[in-house]
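To start, the structure itself, in structure tokens.
The values are calculated or read from the model by the stated rules, or taken from the named source; none is laboratory data. Just so it is clear, the structure is predicted and the values come from calculations on it, not from any experiment. Note that each Cβ is placed from the backbone with ideal geometry, even for glycine, and that neighbours are counted across all protein chains shown. Note: accessible area is taken over every heavy atom of the protein model, side chains too, but ligands, DNA and RNA are not part of it. Shrake-Rupley method; radii C 1.70, N 1.55, O 1.52, S 1.80 Å.
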Amino acid sequence: MFVTRFRWHHHHHHHHTIKVAFAYQQTASLVNIKLKWVKDKPLDAVVSHHNDLMPASLLVSFLSSAPTYSLPIYHLSSIRPHLGLPQLLKLSTFLRRYPTLFHEYPLPNVNGGTVPCFQLTNQALHLHHQELHILHNSESDLVHRLQKLLMLTHDRTLPLQTIDQFKWDMGLPYHYQQTLIPRYPHLFSFVSLPDDRIALKLIYWDERLAISHLQNQIVQENNKDVQHLPFPIGFTRGFGLKKKCIKWLEEWQRLPYTSPYADASHLDSRTDVSEKRIVGVFHELLNLTIHKMTQRKNMSNLRKPLGLPQKFTKVFGRHPGIFYISQKCSTQTIVLREAYDHQDLLDKHPLVGIRQQYASMMKIGFQNRSRGLYKNITGEDHQEEEHCQLKNDSTVIT
């Protein structure tokens with residue numbers, strides 16, 4: 001699969017740019033352009049690959065803090081809501097898919113029967129300790145990511161529930177509230193919201209962090225014009241753009257760029273200039289994630305904190321050259337196109353390597369189990385149900 005990579009460069013017709021920007025700011029409606037959605041197999045494969053990786057690694061972290069690294073299934077069920085598993089999928093079924101990570105044994109209960117208990121394997125524990133070492137070494141980077149996430153919000157505050165949705169995506173430690181936040185009392189504070197939820201508030205604004213990934217790139221390229229930044233754009237092969245769409249996109253790319261860290265309350269939400277700012281906010285948000293992707297539903301909780309208009313998620317469909325909406329695994333995942341070359345993530349955080357090792361271990365366990373190499377412990381019928389998992393590099397089962 002070939003993906004075209006190109007950038008609509010800003011032409012230095014300064015007066016023309018001002019005229020276009022002015023015209024857009026004066027019109028009270030967005031240009032009605034609809035670009036078609038085209039399937040991107042390599043990016044779909046990346047999304048499928050991550051579908052079981054997140055819940056598995058969260059379960060490893062949860063079990064790692066238990067005595068003897070093991071818990072009965074009813075204790076593990078307490079974190080089920082945070083794992084993003086399909087409602088009809090039993091947690092025990094999920095754990096049994098990956099015997100290289102989770103060892104199952106029967107625990108006697110009061111009725112004389114047994115209850116399934118799951119323990120981390122030595123391999124899983126070894127990987128987890130490597131992960132903790134990487135988290136320790138990456139701490140300042142992860143703290144900066146969290147600062148920047150809060151800096152994107154208009155009152156520098158987010159409910160912990162919302163941050164938790166991005167916890168794995170952003171590479172934050174599983175127990176970040178207890179292990180990370182208390183070490184930075186000069187940066188963060190826990191606050192109570194009017195609805196009694198607990199939120200995290202940023203109490204120190206670091207101006208050095210108030211520069212977006214896009215602005216950083218432009219500075220490195222020595223581009224003098226930082227007022228009208230274009231976004232890197234790429235399309236799936238076979239994506240035909242009509243002439244009027246190309247013209248609109250070229251003009252849109254030349255519009256003023258508003259930093260996602262700047263106050264944008266003066267912008268009319270019905271204009272293309274405002275839309276470019278919203279695209280910039282999500283471009284930055286995805287760059288704060290480790291794999292440059294997150295589920296679309298995670299974005300919806302950010303509407304109010306980010307001060308966005310009602311139908312803000314329309315920007316993902318209107319800009320398929322910047323964002324790819326994957327429909328894999330019965331959910332929608334937003335992927336930042338420029339971050340990938342086919343299936344290859346271009347900017348790899350140290351955590352990516354350890355997560356790839358988890359994925360490899362899961363794949364071995366899943367395949368061995370499918371071949372019947374693991375003894376049936378509980379007497380249940382372990383026929384493999386269909387789910388979203390990479391069987392091998394070229395086939396995706398959905």
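Can you pull out the residues in segment 322-353 that are small (G, A, S) and either surrounded by 20 or more Cβ atoms within 10 Å (Cβ to Cβ) or at pLDDT 95 or above (or both)?
Initially, segment 322-353 is screened for residues small (G, A, S), giving 326, 330, 339, 353.
If the condition is that a residue be small (G, A, S) and either surrounded by 20 or more Cβ atoms within 10 Å (Cβ to Cβ) or at pLDDT 95 or above (or both), then S326, A339, G353 are the ones that fit.
When segment 87-102 is examined, which residues are found to be touching a helix residue (DSSP H, G or I) at 6+ places or on another chain (Cβ under 9 Å) and either more than 14 Å from L76 (Cα to Cα) or of a type in the set (A, V, I, L, M, F, W, C) (or both)?
L91, F94, L95, R97, Y98, P99, T100, L101, F102
Name every residue in segment 279-306 that is open to solvent by less than 10 Å² (accessible area, probe 1.4 Å) and in a helix (DSSP H, G or I), in order of residue number.
Matches in segment 279-306: V279, G280, V281, F282, H283, E284, L285, L286, M299.
Count, please, the residues in segment 110-138 that happen to be hydrophobic (A, V, I, L, M, F, W, C) and within 23 Å of T93 (Cα to Cα). Explain how you work it out, then say what you get.
Here is the first cut: in segment 110-138, the residues hydrophobic (A, V, I, L, M, F, W, C) are 110, 115, 117-118, 120, 124-125, 127, 132, 134-135.
From the residues that got through so far, the ones that are within 23 Å of T93 (Cα to Cα) too are 115, 117-118, 120, 124-125, 127.
Number satisfying all stated conditions: 7.
Within segment 212-222, can you find the residues that are open to solvent by 50 Å² or more (accessible area, probe 1.4 Å), under 15 Å from V281 (Cα atoms) and free of Cβ contacts under 8 Å to residues at least 60 places away in the same chain?
Matches in segment 212-222: N216 only.
Looking at segment 143-159 only, could you name the residues that are touching a Gly at 6+ places or on another chain (Cβ under 9 Å), open to solvent by 20 Å² or more (accessible area, probe 1.4 Å) and modelled with pLDDT of 95 or more?
As a first pass, look at segment 143-159 and keep what is touching a Gly at 6+ places or on another chain (Cβ under 9 Å): 145, 153-154.
Going one step further and asking which of them are open to solvent by 20 Å² or more (accessible area, probe 1.4 Å), we end up with 145, 154.
Of everything in segment 143-159, just one residue is touching a Gly at 6+ places or on another chain (Cβ under 9 Å), open to solvent by 20 Å² or more (accessible area, probe 1.4 Å) and modelled with pLDDT of 95 or more, namely R145.
Return the residues of segment 254-309 that are farther than 14 Å from P230 by Cα and among the basic types (K, R); say none if nothing qualifies.
Hits for segment 254-309 are R270, K292, R296, K297, R303, K304.
Residues being open to solvent by less than 60 Å² (accessible area, probe 1.4 Å) and at pLDDT below 95: count how many of those fall in segment 77-91.
To start, the set of residues in segment 77-91 that are open to solvent by less than 60 Å² (accessible area, probe 1.4 Å) comprises 77, 79-80, 83-85, 89, 91.
If we keep only those that are at pLDDT below 95 as well, we get 77, 79-80, 83-85, 89.
Number satisfying all stated conditions: 7.
From the list S57, S70, S48, S140, which residue is open to solvent by 10 Å² or more (accessible area, probe 1.4 Å) and either over 20 Å from the mean Cα position of the chain (by Cα) or touching a residue at least 12 places away in the same chain (Cβ under 8 Å) (or both)? Outline the logic, then answer.
Details: S57 fails: open to solvent by 10 Å² or more (accessible area, probe 1.4 Å); S48 fails: open to solvent by 10 Å² or more (accessible area, probe 1.4 Å); S140 fails: either over 20 Å from the mean Cα position of the chain (by Cα) or touching a residue at least 12 places away in the same chain (Cβ under 8 Å) (or both).
Within the list S57, S70, S48, S140, the selection yields S70.
What are the pairs with Cβ atoms under 9 angstrom where one residue, in segment 78-100, is touching a residue at least 60 places away in the same chain (Cβ under 8 Å) and the other, located anywhere, is open to solvent by 60 Å² or more (accessible area, probe 1.4 Å) and small (G, A, S)? Sequence gap at least six, or different chains.
As it stands, the answer is P86/S330, since those pairs meet every condition given.
Does segment 199-206 contain any residue that is open to solvent by 80 Å² or more (accessible area, probe 1.4 Å), within 25 Å of L160 (Cβ to Cβ) and either assigned to a strand (DSSP E or B) or touching a Phe, Trp or Tyr at 6+ places or on another chain (Cβ under 6 Å) (or both)?
As a first pass, look at segment 199-206 and keep what is open to solvent by 80 Å² or more (accessible area, probe 1.4 Å): 203-204.
Those still in the list that are within 25 Å of L160 (Cβ to Cβ) too: 203-204.
Subsequent filtering for residues that are either assigned to a strand (DSSP E or B) or touching a Phe, Trp or Tyr at 6+ places or on another chain (Cβ under 6 Å) (or both) retains none.
Scanning segment 199-206, I find no residue that is open to solvent by 80 Å² or more (accessible area, probe 1.4 Å), within 25 Å of L160 (Cβ to Cβ) and either assigned to a strand (DSSP E or B) or touching a Phe, Trp or Tyr at 6+ places or on another chain (Cβ under 6 Å) (or both), so the answer is no.
Name every residue in segment 120-137 that is touching a residue at least 60 places away in the same chain (Cβ under 8 Å) and open to solvent by less than 70 Å² (accessible area, probe 1.4 Å), in order of residue number.
Of the residues in segment 120-137, the ones touching a residue at least 60 places away in the same chain (Cβ under 8 Å) are 120, 123-125, 127-128, 130-131, 134-135, 137.
Of everything in segment 120-137, those that are touching a residue at least 60 places away in the same chain (Cβ under 8 Å) and open to solvent by less than 70 Å² (accessible area, probe 1.4 Å) turn out to be L120, A124, L125, L127, H128, Q130, E131, I134, L135.
Suppose we keep only residues that are hydrophobic (A, V, I, L, M, F, W, C), farther than 19 Å from P55 by Cα and modelled with pLDDT of 90 or more within segment 97-119. Which one would you say is most open to solvent (accessible area, probe 1.4 Å)? Don't jump to the end; show me each part of the working.
Here is the first cut: in segment 97-119, the residues hydrophobic (A, V, I, L, M, F, W, C) are 101-102, 107, 110, 115, 117-118.
If we keep only those that are farther than 19 Å from P55 by Cα too, we end up with 107, 110, 115.
Checking the rest, the ones that are also modelled with pLDDT of 90 or more come to 107, 115.
On the way: L107: 56, V115: 23 Å².
In this case the residue turns out to be L107.
Given (1) over 30 Å from L200 (Cβ atoms); (2) among the basic types (K, R); (3) in a loop (DSSP other than H, G, I, E, B), identify the lone condition not met by K247.
Single failed check for K247: (3).
When you scan segment 140-189, how many residues do you find that are assigned to a strand (DSSP E or B) and either of a type in the set (S, T, Y) or farther than 19 Å from P305 by Cβ (or both)? I'd like the intermediate steps shown before the answer.
Residues of segment 140-189 that are assigned to a strand (DSSP E or B), as a first pass: 157-159, 188-189.
Add one more test, that the residue is either of a type in the set (S, T, Y) or farther than 19 Å from P305 by Cβ (or both), and what stays is 157, 189.
Total meeting the criteria: 2.
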